[in-house]
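What follows is a short report on a single structure.
The values are calculated or read from the model by the stated rules, or taken from the named source; none is laboratory data. If you're wondering where the values come from, they're calculated on a predicted model, not measured in any experiment. Please note: Cβ atoms are built from the backbone with ideal geometry, for glycine as well, and neighbour counts cover all protein chains shown.
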Amino acid sequence: MDNNQDLCGSLIKWLQTFELEAPHCTAEDISDGVAMAQALCQIAPEWFSETFLSKIKTDVGSNWRLKASNLKKILDGIVDYYQECLNQQLVDFKKPDITQIAENCSREELGRLLQLILGCAVNCSYKQDYITIIMGMEESVQQVIMQSIQELESGGVGMSNEDAQMQKLLTDLNKAVEERDQMEQRCHELDMQVSLLQEEKVSILQENRKLQERLQEVENPQNPSLVAGNKYNLLKKEYDQLKEEMFRLETAKDDCRIRAEVQERELMELQSRVEELQIQADEARHLKDEIDILKETADKVGKYEATIESYKRKLEELSDLKRQLKILEEKNTNYMQHNLELEEEVKRLGTWKSQVEMYKKQISELLHKLNEETKRADKMEFDSKKSQDKILALTREKEQLTVERDYLKEVNEELKWTQLSNVPRGDLSEPPKTPPTESGIEEMLQPDLKEKLARLTHENKMLKLKQQEPGGEQLPVVQAMLDDANQQIRALTSDNRLANQRILELESQVEEIQSEKVVGGDSDTINLRKELVTLQAQVRTLTSENERQKQKIEATEEALEESNRKCTQLKECLARKDADIQAVEERYKKCIEKAKATINTLDTKPNAEVTALKNQLLEKNNIIQKFERDEERKKQDVESKIRILYNQCANQRFRESMNIRLAGLSSAQSFLARQRQPTNRRQS
């Protein structure tokens, strides 16, 4: 009963949130149904229209029959609304007893009716507004309203067989009460009709008396009036008809009274049966409450056993977590050492940047000087070779001259002897002495060349040592690229030197050909001119090749600088990734510290927090593993890119050098093959 009173009071408080014209503060105010009808018109105006509201009688006073008719109309409208609009059948829900509300203002039955109105409100088109209004009320009222909504949606609590029989009897009783009310209403209407007929009868009798008086006054037996006689006959007929109808109504009234008495007796019997069933229902409800209490205790026992098992598992998992924490701390220390090593390496590389730039400038200057010195050395070597060839030619001429001198001496002696035999005396001039040889030129040139070559080799060694000092601490990939680039540059410089030597040889041959042009004949001059044109063209091609080689050397240097820039960019990228790893490790440290702090108080905390900490640790481990995989993948990508660049650059330079060498060899062979034949013919 207390729960029903709380439900009724809470729903009356909810009904007070509506702006209604009828009073709706207490259960007695709303027992006539006017306030509830107005609330339904506000909840669903499309269904509960003004015509519905006009059927509700307002001035009912203490007439419980009119109240019951109003409440019956409201209940029928609500049931139709549930069936037609909401497509819900209120089969299992216990409908309110309208007579109890109308006669005794039963709060239990009134609460059920208000519960149905609440269901209409939370299922209508404006349900969000009503739900917000409910959420703004007190917590106790909210709980009661929510329980009533859940009970309404679930169709009521499941019933036993006795409850089902009692419900069936109650429905039959309600139907009988409704029929009794209808019969009483019909009797009341018939009483009203009888009273009206009696009043009409009285008025007719009065009119009859008046007419009879007038008839007696007017009627004359000797000279009767036809009009008055006709009226009298008509009134008599009407009187007979009314008398018969009145007799019928009285018989119907007696029948209704008899039926009402029979139904009252049946109602008394049903009420006694209902009281017995109510006692049995109370006993069943009491037993059901005891069963629910026992079920709750059994559920609590099961929950406590589950919590004990979970605490045991927590204790087992706690040792696993401690082992994981130790492993993670070891990993963290390793990462810290690795980061410190990387930071030191980055600092060293930062200090080497300025030195590398300075060394680059020095290397470029020294390379320029080396090229000039190599050109000078090649020129001096060619001059020395040329001078040696001249010395050899002069020695051969000297030998020829000595042979001729000896021959001339012999001839001269013979002539002397012949002249002495013919002439007694004569002054014979001595043969001219041969000029001194030029063998000292080689002795003059060789020490200078040796000194220059020694100086250049020493400078080259010093440059190599300077280049190797910072290179020992650089990355192996970059060092390998630099070594390959230097090797290619040396190969190109050697090719350039060969080309310069070839150019000098060709220039010397051209000079020889021009010097011998005067001695040869016309055909020789034409051939020599042709050869001179071809030689000039070859000289131009060689100069263009030399320029191309210089451009290629510059391109290789630019590519080397570009590769160095890429290496620096990759180093910066690695530094950024190391910084990201360090930040992640710092966050990981903080998480580990938090985990340590929480593990100390883990025994007193619930299972949800332990699982949350486990999930956080697993997430952190996954994040760290993900960063490690990303770092390894990025390092592999960088190394693969460096290898690809190195291979591409090396292959390109190798192809270019091979093409240049093949072109130079083919051109050199064809040129020397053409030049050696005429020189050999001339020497022979």
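Asn104 - would you say it is at pLDDT below 85 and either over 19 Å from Asp181 (Cβ atoms) or touching a Lys or Arg at 6+ places or on another chain (Cβ under 8 Å) (or both)?
Details: at pLDDT below 85: yes; either over 19 Å from Asp181 (Cβ atoms) or touching a Lys or Arg at 6+ places or on another chain (Cβ under 8 Å) (or both): no.
Against the criterion (at pLDDT below 85 and either over 19 Å from Asp181 (Cβ atoms) or touching a Lys or Arg at 6+ places or on another chain (Cβ under 8 Å) (or both)), Asn104 does not qualify.
Regarding the stretch 93-115, can at least one residue be identified that is in the same structural domain as Gln147 (by TED's automatic domain parsing), in a loop (DSSP other than H, G, I, E, B) and of a type in the set (A, V, I, L, M)? Quick ask: steps written out before the conclusion?
Step one: list which residues in the stretch 93-115 are in the same structural domain as Gln147 (by TED's automatic domain parsing), which gives 93-115.
Pick out the ones that are also in a loop (DSSP other than H, G, I, E, B) and you get 93-97, 105-106.
Pick out the ones that are also of a type in the set (A, V, I, L, M) and you get none.
No, the stretch 93-115 contains no residue that is in the same structural domain as Gln147 (by TED's automatic domain parsing), in a loop (DSSP other than H, G, I, E, B) and of a type in the set (A, V, I, L, M).
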Failed condition for Lys72, given (1) under 26 Å from Gln185 (Cα atoms); (2) surrounded by fewer than 13 Cβ atoms within 10 Å (Cβ to Cβ), with all others met?
-> (2)
Residue pairs within 9 Å by beta carbon, gap of at least six or interchain, first lying in the stretch 633-648 and assigned to a helix (DSSP H, G or I), second among the basic types (Lys, Arg), listed first then second, are Lys634/Lys577; Lys635/Lys577; Lys641/Lys566; Ile642/Lys566; Leu645/Lys566
Restrict the check to the stretch 380-402 and report whether at least one residue is exposed (fewer than 13 other Cβ atoms within 10 Å of the Cβ) and touching a residue at least 40 places away in the same chain (Cβ under 8 Å).
-> yes
Within the stretch 28-37, is even one residue modelled with pLDDT under 85, among the hydroxyl-bearing types (Ser, Thr, Tyr) and closer than 23 Å to Val144 by Cα?
-> yes
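Check whether at least one residue in the stretch 342-353 is closer than 21 Å to Gln625 by Cα, part of a helix (DSSP H, G or I) and either more than 39 Å from the chain's Cα centre (by Cα) or not assigned by TED's automatic domain parsing to the domain that holds Asn622 (or both), and report yes or no.
Yes; the residues of the stretch 342-353 include at least one that is closer than 21 Å to Gln625 by Cα, part of a helix (DSSP H, G or I) and either more than 39 Å from the chain's Cα centre (by Cα) or not assigned by TED's automatic domain parsing to the domain that holds Asn622 (or both).
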Counting residues that are in contact (Cβ under 8 Å) with a residue 40 or more places away in the chain, which helices (runs of 4 or more DSSP H) fully inside the stretch 1-76 reach at least 2?
-> 2-15, 27-30, 34-43
Hey, Lys236 hits all of (1) free of Cβ contacts under 8 Å to residues at least 60 places away in the same chain; (2) in contact with a Ser or Thr (Cβ under 7 Å, 6 or more places away or on another chain) but one; which does it fall short on?
-> (2)
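Just checking, how many residues over the stretch 126-137 are without any contact (Cβ under 8 Å) to a residue 12 or more places away in the chain and closer than 18 Å to Gln115 by Cα? It would help to see each step written out before you state the result.
Residues of the stretch 126-137 without any contact (Cβ under 8 Å) to a residue 12 or more places away in the chain: 127-129, 131-132, 135-136.
Okay, now just the ones that are also closer than 18 Å to Gln115 by Cα, so 127-129, 131-132, 135.
Count: 6.
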